[in-house]
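*Asks:* Below is the structure I would like to discuss, written out as structure tokens.
The values are calculated or read from the model by the stated rules, or taken from the named source; none is laboratory data. If you're wondering where the values come from, they're calculated on a predicted model, not measured in any experiment. Here the Cβ positions follow ideal geometry from the backbone for every residue, glycine too, while neighbour counts run over all protein chains shown. All accessible areas refer to the heavy atoms of the entire protein, side chains included, with ligands and DNA or RNA removed. Shrake-Rupley method; radii C 1.70, N 1.55, O 1.52, S 1.80 Å.
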Amino acid sequence: MREYVQERSSKLDIDSKEKTIEKLVEDFLRILGEDLQREGLRETPRRVSRMWIEELAMGYFVDPLAYVKTFEVEEYEGREGLVAVTNIPTKSICEHHLLPFFGYTHIVYVPSGRVLGFSKFARVIKVLSSRLQIQERLTEQIADFLEEVLNPRGLLVLQEALHTCALIRGVEESMTMMTVALRGVFREQKEMVNLALQLVNASKLPLPKFEGF
Ligand SMILES: [Zn+2]
């Protein structure tokens, strides 16, 4: 079984997980010495728990392969062209610090008969990134998944992200992490990689800059 495939949880499971996380957040706040009854904190455990279950960790409860059924995978006339989908907003949680990292994913592939609808890339990335991740693994999982679904002749996945764990913990540079996963012809043909990177560079949006943190 591939690493990105998870058991799907039932609604009952998810409700009980949400309740348990709510209690853990309460304990966490108590350990800090907080008063759970004060106005600003009264709804916090429930809010935090729901945020993790429904958004930040949603990918644990959804199997991205289930999305394949709704994919508009269209026959493609087998031309040699490249397809580039760039600037897909990507947000995930770093597993070392439980803090967000965010940026863009850029995908370039050489179809071998199948292409994906534009928005489907974003949905797959959403599921795979709504789990505790490191950027390196997330990039590889996206590549593995798209390779399986599209069976492309070549695939390049490039991610550029800012890590808030580096920003708020006093690492001095404004650090950007870039990760690249290569499959198929992009592994063997350097000129194909150069062409793909030219496409990405021509369209990619800049990440925000934070100086002097
Ligand atoms: Zn981190």
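*Asks:* Can you confirm whether residue 138 is assigned by TED's automatic domain parsing to the domain that holds residue 91, within 16 Å of the ligand (Cβ to nearest atom) and in contact with an Asp or Glu (Cβ under 6 Å, 6 or more places away or on another chain)? Walk me through it before giving the result.
*Replies:* Values: assigned by TED's automatic domain parsing to the domain that holds residue 91: yes; within 16 Å of the ligand (Cβ to nearest atom): yes; in contact with an Asp or Glu (Cβ under 6 Å, 6 or more places away or on another chain): no.
Judged against the criteria, residue 138 is not a match.
*Asks:* The conditions are (1) within 16 Å of residue 121 (Cβ to Cβ); (2) open to solvent by 20 Å² or more (accessible area, probe 1.4 Å); (3) modelled with pLDDT of 95 or more; (4) of a type outside the set (Lys, Arg), and residue 151 fails exactly one of them. Which is it?
*Replies:* (3)
*Asks:* So which residues in the stretch 19-47 are over 28 Å from the mean Cα position of the chain (by Cα) and among the basic types (Lys, Arg)?
*Replies:* Within the stretch 19-47, 30, 38, 42 meet the criteria.
Quick grid of which residues meet (1) in a helix (DSSP H, G or I); (2) closer than 22 Å to residue 14 by Cα; (3) modelled with pLDDT of 95 or more; (4) charged (D, E, K, R):
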position: 69; (1), (2), (3), (4): yes, no, no, yes
position: 79; (1), (2), (3), (4): no, no, no, yes
position: 88; (1), (2), (3), (4): no, no, yes, no
position: 105; (1), (2), (3), (4): no, no, yes, no
position: 121; (1), (2), (3), (4): yes, no, no, no
position: 140; (1), (2), (3), (4): yes, no, yes, yes
